[in-house]
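Enquirer: Okay, here's the structure, questions in a sec.
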Amino acid sequence: MSEKDTNQLIGRFKYLSERDSVDHYAVNCPSDHLIDFCQILRDEYLFDMLVDVTAIDWDVASPRFTGIYHFYSTSKQLYLRVASDCKDNIKPSLPSLVRLYSAADWHERETYDLMGIHFDGHPNLKRILMWDDYPYHPLRKDFPLAGIETPLPAADVAEQTKVKVAAAPMMGGPFVSSGDGKMSQTEPTAKDESWNESKAKGS
Amino acid sequence: MSHQIVGYDSKVEGEVIITKADAVINWIRKNSVWPMPMGLACCAIELMAAGGSRFDISRFGMEVMRFSPRQADCMIVAGTVTYKMAEVIRRIYEQMGDPKWVVAMGACASSGGMYRSYATLQGVDRIIPVDVYISGCPPRPEALLDAMIKLQEKIMKEQSVKNLLKELPDNPIHRDSV
């Protein structure tokens with residue numbers, strides 16, 4: 001987006017504010033105005049493609065959740081990032097863009113599934129990756145990577161096999177690279193291998 | 001009875017090979033393994049390569065990949081097993097007729113692999129009995145062929161007649177995988 005256009009955008013819509021970005025132009029948009037703004041983006045500014053919908057969990061900060069939308073204009077070949085804070089930290093919600101961009105359908109379902117953001121007006125807001133009865137939203141900051149013990153989705157299989165959805169054995173993980181030095185010497189490894197599935201940590 | 005000589009006329013009966021029922025049954029079984037590709041991730045690509053002309057799994061008498069569990073007796077679990085998919089794998093396994101075998105192909109199917117996460121079953125052996133594990137991420141087609149040959153060797157050691165008469169428990173997961 002050229003400098004002129006961006007100034008226009010912020011100048012024209014008083015509710016927008018500029019957002020720090022290292023790549024494409026980005027704006028903050030309050031969730032109340034999101035639908036109107038995106039409608040204009042699509043129809044007047046020719047951002048005809050919704051590339052991605054995702055969200056950020058800011059953990060202890062408030063507002064805790066921010067929805068992120070990436071738009072692309074196939075005629076102008078420009079990207080634009082729109083961020084919108086969720087007002088409620090406990091039951092976060094955003095307006096659904098499905099009516100404007102059908103691409104939003106699965107993206108919003110994924111964001112709902114993994115982050116627990118409710119998209120108001122979505123025609124079919126149910127989980128897309130985890131199973132329907134799964135009780136958590138795993139990409140939230142307060143969810144451990146290894147998972148939390150829950151019943152297996154199919155009750156009969158769970159009964160036969162006595163298998164539960166168990167926290168994954170981290171074995172000293174998570175397996176992360178230190179990030180400095182030669183790649184060959186900084187392969188992701190466990191930080192502490194003194195414990196494992198059968199031997200508890202610190203024993 | 002045990003020392004009685006059985007009269008045998010080769011002109012009438014033709015040539016006869018004397019063997020054990022187990023050996024015959026196992027020999028037949030091992031050379032007609034019908035695998036069911038349970039392709040779940042990138043391992044499935046290597047599985048396909050093993051089925052192609054370059055690696056040619058048919059050299060060992062087990063090339064008839066069937067996508068129906070009713071027509072297959074060896075499930076090759078090739079890829080990451082998520083908890084959501086575990087149920088499906090278990091059901092498909094149960095739909096396969098006995099005798100049946102399972103090959104866990106690759107690190108993910110064997111142990112969860114690099115996916116130490118909330119969504120991944122930490123080894124398909126938690127949900128179905130596995131006969132052969134293959135290491136690798138993904139294993140090369142040669143490794144799969146080696147595993148299938150190992151499986152054939154294992155089949156040759158089975159007590160098939162005894163198993164035929166044995167009543168199977170309701171819960172095959174806890175059965176010693178022959």
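Enquirer: Rank the residues B:MET105, B:MET36, A:MET130 as a footprinting-exposure proxy: fewest other Cβ atoms within 10 Å of their Cβ go first.
Expert: Fewest to most other Cβ atoms nearby, the residues stand as A:MET130, B:MET36, B:MET105.
Enquirer: Looking only at A:VAL53, A:VAL82, A:VAL165, which one moves most when chain A is put into a Gaussian network model with springs between Cα atoms under 10 Å?
Expert: A:VAL165
Enquirer: Here is a further query. Counting only residues 5 or more places away or on other chains, whose amide H sits under 5 Å from the amide H of A:ILE117 once H atoms are built in the peptide plane?
Expert: So A:ILE117 has HN proximity to A:TYR112.
Enquirer: What does the charge dipole of segment A:3-140 about its Cα centre add up to, to the nearest 20 debye, if the Cβ of each Lys and Arg holds +1 and the Cβ of each Asp and Glu holds -1?
Expert: 160 debye
Enquirer: Still on this structure: Beta carbons within 10 angstrom, averaged per residue: use that to sort the peptides A:106-113, B:147-154, A:142-149, highest first.
Expert: Peptide ranking by packing, descending: A:106-113, B:147-154, A:142-149.
Enquirer: Another question, if that's okay. Restrict the search to segment A:1-106; then list the GluC sites (Glu not before Pro) that DSSP places in a loop and that have at most 16 other Cβ atoms within 10 Å of their Cβ.
Expert: Answer by residue number: A:GLU44.
Enquirer: Which value in deg cm²/dmol, rounded to the nearest 500, describes the helix-derived mean residue ellipticity at 222 nm for the protein assembly as shown, given -39,500 (n - 2.57) per DSSP H run of n ≥ 4 and division by the residue count?
Expert: -7500 deg cm²/dmol
Enquirer: Classify segment B:81-145: rounded, prolate or oblate, from the alpha-carbon gyration tensor (a ≥ b ≥ c, eigenvalue square roots; a/c under 1.5 rounded; otherwise prolate if a/b is larger than b/c)?
Expert: Here segment B:81-145 falls in the oblate category.
Enquirer: Here is a further query. When DSSP assigns beta bridges and you keep just the ones with both residues in segment A:1-139, what percent turn out antiparallel, to the nearest 5?
Expert: Percentage antiparallel, nearest 5: 70.
Enquirer: Now a separate question. Cross-link list B:LYS30/B:LYS162; A:LYS162/A:LYS191; B:LYS84/B:LYS157; A:LYS164/B:LYS162; A:LYS164/B:LYS30: which exceed 27 angstrom alpha carbon to alpha carbon?
Expert: A:LYS162/A:LYS191; B:LYS84/B:LYS157; A:LYS164/B:LYS162; A:LYS164/B:LYS30
Enquirer: Can you pull the semi-axes for the protein assembly as shown, root of five times each eigenvalue of the Cα gyration tensor, sorted largest first, whole Å?
Expert: The answer is 56, 23, 20 Å, longest axis first.
Enquirer: Can you give the direction-averaged projected area of the convex hull of the alpha-carbon atoms in segment A:104-203, in nm²?
Expert: Mean projected area of the Cα convex hull: 10.0 nm².
Enquirer: Tell me the chymotrypsin sites (Phe, Trp or Tyr not before Pro) within segment B:51-90 that lie in a loop according to DSSP and have at most 15 other beta-carbon atoms within 10 Å.
Expert: Those satisfying the criteria are B:PHE67.
Enquirer: For A:HIS122, enumerate residues with amide H under 5 Å from its amide H, sequence gap 5+ or separate chain, H modeled in the peptide plane.
Expert: Here A:SER96 satisfy the definition.
Enquirer: Name the lysines eligible as straight-distance cross-link partners of A:LYS76: C-alpha to C-alpha under 19 Å, and not fewer than 8 places from it in the same chain.
Expert: List returned: A:LYS4.
Enquirer: Within 10 Å of each Cβ in peptide A:151-163, how many partner chain Cβ atoms are there on average? Round it to a whole number, please.
Expert: Across the residues of A:151-163, the mean count of other-chain Cβ atoms within 10 Å is 5.
Enquirer: Just need log10 I(q)/I(0) for segment A:144-198 at q = 0.18, 0.23, 0.24, 0.31 Å⁻¹, Debye formula, equal scatterers on the alpha-carbon atoms, no solvent, rounded to two decimals.
Expert: -0.72, -0.88, -0.92, -1.11
Enquirer: Continuing with the same structure: Within the P(r) computed for chain A, what percentage of the Cα pairs occupies the region above 25 Å?
Expert: 53 percent
Enquirer: Per residue of B:113-120, how many C-beta atoms from partner chains lie within 10 Å of its own C-beta, taken as a mean?
Expert: 6
Enquirer: Please give every one of the lysines within straight-line cross-link reach of A:LYS141, meaning a C-alpha to C-alpha distance under 17 Å, and leave out same-chain neighbours fewer than 8 residues apart.
Expert: A:LYS91
Enquirer: Within 10 Å of each Cβ in B:77-85, how many Cβ atoms from other chains are there, averaged over the peptide?
Expert: For this peptide, the per-residue mean of nearby foreign Cβ atoms is 3.
Enquirer: Please report the net charge: other residues with Cβ closer than 11 Å to the Cβ of A:ARG109, K and R +1, D and E -1.
Expert: -2
Enquirer: Moving on to the next point. Compute the label zone of B:ILE149 within segment B:38-59: residues whose backbone N is under 15 Å from the point 7 Å along Cα-to-Cβ.
Expert: Those under the cut-off are B:55-59.
Where a number appears in this text, it was derived from the coordinates with a stated rule and is not lab data. Note that the structure is predicted; figures quoted are calculated from it, not measured. Neighbour counts are summed over all protein chains in view; Cβ atoms, including those assigned to glycine, are modelled from backbone coordinates with ideal geometry.
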